[in-house]
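Mind having a look at this structure? Questions to follow.
No lab work stands behind these numbers, since they all come straight from the coordinates. The structure presented is a predicted model; accordingly, all values stated were derived computationally and were not measured. Here the Cβ positions follow ideal geometry from the backbone for every residue, glycine too, while neighbour counts run over all protein chains shown.
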Amino acid sequence: METHWQTHKTRVRRYISKQVEDSAAVDDILQDVYLKAHTGRHTLKSEEGMGAWLYRIAHNAIMDHFRKHRSWDDLPDDLEAPVEDEAVLAYQELAKCLTPLMNMLPEKYRLPLQMAELEGMSQKQVAEQLGLSLTAAKSRIQRARVMLRERFNEQCHFEVSQGGIDFWPKDKDSSCGR
């Protein structure tokens, strides 16, 4: 181990110093790498992989260093709350538009889709809530997506441009969500 360490020590130190500016911290991290390598040498599968193994240990040690020494700035008292994210607003608008189309689906498929896509539940949560197996819940959600896409294509014209996606009813009796 010692001879391999001496072979890689300079390169590992250089790698650490490129990531961390404080030279004292570089030495501390290098020592930490050596200690972790020495105590974990039994996990090394082959001598040929020692360089990569040491770099992985060094990378993790650098990340640990930054986690420990993270600096925090106090926020000003007069900081305003952020305006709602445009993506969230677009998602909410789309959800309102898709609701009439989703209501056309059989309840067996509509309910799991609403729970997963509109309420943000995981498929596992949907399965538990509806008393289904995970496989059955996934299948129903997938089928509902296909059915919803078919309804959308039947009922709506849509256009994709740089400004986003726009859609409108194919006819005045359509349930395109508008």
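Based only on Cα atoms, what Rg/Rh ratio does region 117-162 have, Rh being taken as Kirkwood's radius? Mind dumping the intermediate values first?
Numbers: Rg = 14.0 Å, Rh = 12.2 Å.
Rg divided by Rh gives 1.14.
Let me ask something else about it. Per-residue ellipticity at 222 nm for the chain, helices alone: DSSP H runs ≥ 4 residues times -39500 (n - 2.57), over residue total, nearest 500 deg cm²/dmol? Intermediate values should be presented prior to the final figure.
On the way: 7 runs with 109 residues, N = 178.
The helix contribution divided over the chain gives -20000 deg cm²/dmol.
Could you grab the relative contact order for the chain? Cα pairs under 8 Å, six or more apart, rounded to a whole percent. Let's see the in-between values first.
Values: 126 pairs, mean separation 26.7, N = 178.
It rounds to 15 percent for the chain.
Which of rounded, prolate, oblate describes region 67-135, given a ≥ b ≥ c as roots of the alpha-carbon gyration tensor eigenvalues and a/c under 1.5 marking rounded, otherwise prolate only if a/b is larger than b/c?
Since a/c reaches 1.5 but b/c is at least a/b, the shape of region 67-135 is classed as oblate.
Roughly how big is the chain's charge dipole about its Cα centre, with Cβ charges of +1 (Lys, Arg) and -1 (Asp, Glu), in debye to the nearest 20?
Values: 25 positive and 28 negative charges, 256 e Å.
Taking the Cα centre of the chain as origin, the dipole is about 1240 debye.
Which value results for Rg/Rh of region 86-169 when Rg is the Cα radius of gyration and Rh the Kirkwood radius based on the inverse mean 1/r?
Numbers: Rg = 13.9 Å, Rh = 13.7 Å.
On the Cα set of region 86-169, Rg over Rh gives 1.01.
Here's another thing I want to ask about it. Using every pair of alpha-carbon atoms in the chain, split the distances into 5 Å bins beginning at 0 and state the percent of pairs per bin, rounded to integers.
It works out to 1, 7, 11, 10, 8, 6, 5, 6, 8, 11, 11, 8, 5, 2, 1, 0, 0, in whole percents.
Would you please give the residues with an amide H less than 5 Å from that of Cys156, counting only those at least 5 places away or on a separate chain, with H modeled from the backbone geometry?
Lys170
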